[in-house]
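What follows is a set of notes on a single structure, which appears directly below.
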Amino acid sequence: MIIIRVFLFAPYEVHGESMYPTFKGEELLIVNKWIYDVSDPDYGDIVVFHTAEHRDFIKRVIGLPGDKIAVQNGVVYRNGKKLDEPYISEPIKKNVGETVVPEGSLFVMGDNRNHSRDSRDIGPVDIGEVVGRADLLVMPIREFRLLFR
């Protein structure tokens, strides 16, 4: 059991509203810790990562290395194309100039864009700081579901 927890999967409890409406807070997730040893992060993945604040954040992957990300008129653009983001409940209030995601990094954002500390504030996330991908919502049990495509 220890091997599974240390190397393969780990529980993660969601706190706060930064991923609303995808998560309301206090959900229990299972994070796949080995997935990025065998594949690369992808757009839309929900990832848990370490921060300089010595705590873990959970956000959605918006940009991969080399992508150009911008926020204009309440909409996120990746490489000049508007993103289709059905999980967003309100437009973004603050515009962000174009930024290029550095090699070895991800651009991540919370789904509750107006109430999220993410790459717009903390900068790109080093892939080495990613704990893993949130794969399964297990609690509350009535909301049990897979989280990846």
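The values are calculated or read from the model by the stated rules, or taken from the named source; none is laboratory data. All figures in this text were calculated on a predicted structure; none of them were measured in a lab. Reconstructed Cβ throughout: ideal geometry from the backbone, glycine too, with neighbour counts over all protein chains shown.
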Take the stretch 65-116 and flag every residue that is more than 20 Å from ALA134 (Cα to Cα) and aliphatic (A, V, I, L, M).
ILE69, ALA70, VAL71, VAL75, VAL76, LEU83, ILE92, VAL96, VAL100, VAL101
Scanning the stretch 70-112 for residues that are touching a residue at least 40 places away in the same chain (Cβ under 8 Å) and either in a strand (DSSP E or B) or in contact with a Pro (Cβ under 8 Å, 6 or more places away or on another chain) (or both) gives VAL71, TYR87, SER89, SER105, LEU106, PHE107, VAL108, MET109, ASP111, ASN112
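Which residues, counting only those in the stretch 96-112, are farther than 18 Å from ASP56 by Cβ and touching a strand residue (DSSP E or B) at 6+ places or on another chain (Cβ under 7 Å)?
Narrowing the stretch 96-112 to residues farther than 18 Å from ASP56 by Cβ: 96-104.
Of everything in the stretch 96-112, those that are farther than 18 Å from ASP56 by Cβ and touching a strand residue (DSSP E or B) at 6+ places or on another chain (Cβ under 7 Å) turn out to be VAL96, GLY97, GLU98, THR99, VAL100, VAL101, GLY104.
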Looking only at the stretch 81-91, and only at residues there that are surrounded by 11 or more Cβ atoms within 10 Å (Cβ to Cβ) and closer than 15 Å to ARG60 by Cα, the one that is modelled with the lowest pLDDT:
SER89
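Within the stretch 100-125, can you find the residues that are surrounded by fewer than 18 Cβ atoms within 10 Å (Cβ to Cβ) and at pLDDT below 95?
First, the residues of the stretch 100-125 that are surrounded by fewer than 18 Cβ atoms within 10 Å (Cβ to Cβ): 100, 102-104, 114-115, 117, 121-123.
Once the filter is applied, which keeps residues that are surrounded by fewer than 18 Cβ atoms within 10 Å (Cβ to Cβ) and at pLDDT below 95, the stretch 100-125 yields ASN114, HIS115, ARG117, ASP121, ILE122, GLY123.
Take the residues in the stretch 35-61 that are in a strand (DSSP E or B) and among the β-branched types (Val, Ile, Thr), then tell me which one is farthest from VAL138 (Cα to Cα).
VAL61
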I'd like to check something: does the stretch 61-70 contain any residue that is in contact with a helix residue (DSSP H, G or I) (Cβ under 7 Å, 6 or more places away or on another chain), surrounded by 13 or more Cβ atoms within 10 Å (Cβ to Cβ) and not aromatic (Phe, Trp, Tyr)?
no
Go through the stretch 15-31 and give me each residue that's surrounded by 21 or more Cβ atoms within 10 Å (Cβ to Cβ) and in contact with a Lys or Arg (Cβ under 8 Å, 6 or more places away or on another chain).
SER18, MET19, VAL31
Residue pairs qualifying under the 7 Å Cβ cut-off, at least six apart or on distinct chains, with the first in the stretch 19-34 being acidic (Asp, Glu) and part of a loop (DSSP other than H, G, I, E, B) and the second being modelled with pLDDT under 85 and surrounded by 13 or more Cβ atoms within 10 Å (Cβ to Cβ), are GLU26/VAL14; GLU27/VAL14; GLU27/LEU137; GLU27/MET139
